[in-house]
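Heads up, the thing below is written out as structure tokens.
The values are calculated or read from the model by the stated rules, or taken from the named source; none is laboratory data. Given the structure is predicted, the values throughout are model-derived calculations rather than measurements. Reconstructed Cβ throughout: ideal geometry from the backbone, glycine too, with neighbour counts over all protein chains shown.
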Amino acid sequence: MASKMTTDDRFKLLMHRMIARRLDASAIAAARARVDEIDDGRDCRQEWRSLLSLPIDQIRRRITERSEEMTRLRLSSPFPIIFDFTDEGLRRRMWRLAKKSQDLDMAQIYDDLMDVDDD
């Protein structure tokens, strides 16, 4: 059973759900290049290489998976630097949703976020 997610974990999950929606071959190639650039001694590089070698539909499923392994891997994700998350309004909305969603359905929270993102 997965451990209770923190607000930060939920924020990263929301972010990766947005990423999964926009994921394409060029983003995966950029993520692979980003993983190869990182040389900070973390073991997660090989895990990300392995994950990024999967077919795109499996990558989408894995990066949005609610598991301890993916919660840990999202901490070192190469994707947030590839996709633009600099919009302060969007980030604030994501943080508010992540904070209030601890007892709510993450799928509904994500749907609410996507409604805001599409505006």
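When Asp118 is tested against (1) under 14 Å from Met15 (Cα atoms); (2) modelled with pLDDT under 85, only condition (1) is not met. When you look at Leu13, is it of a type in the set (A, V, I, L, M, F, W, C), over 13 Å from the mean Cα position of the chain (by Cα) and surrounded by 17 or more Cβ atoms within 10 Å (Cβ to Cβ), yes or no? It is false that Leu13 is of a type in the set (A, V, I, L, M, F, W, C), over 13 Å from the mean Cα position of the chain (by Cα) and surrounded by 17 or more Cβ atoms within 10 Å (Cβ to Cβ).
If only residues of the range 51-93 that are polar (S, T, N, Q) and modelled with pLDDT of 95 or more are counted, the one that is farthest from Thr6 (Cα to Cα) is Ser53. Scanning the range 94-110 for residues that are at pLDDT 80 or above and among the hydroxyl-bearing types (Ser, Thr, Tyr) yields a count of 0. Taking (1) surrounded by 13 or more Cβ atoms within 10 Å (Cβ to Cβ); (2) at pLDDT 95 or above in turn, Met18 satisfies each apart from (2). Listed by position, the helices (runs of 4 or more DSSP H) enclosed by the range 1-90 that each have at least 1 residues that are in contact (Cβ under 8 Å) with a residue 40 or more places away in the chain are 7-22, 25-37, 56-63, 68-74.
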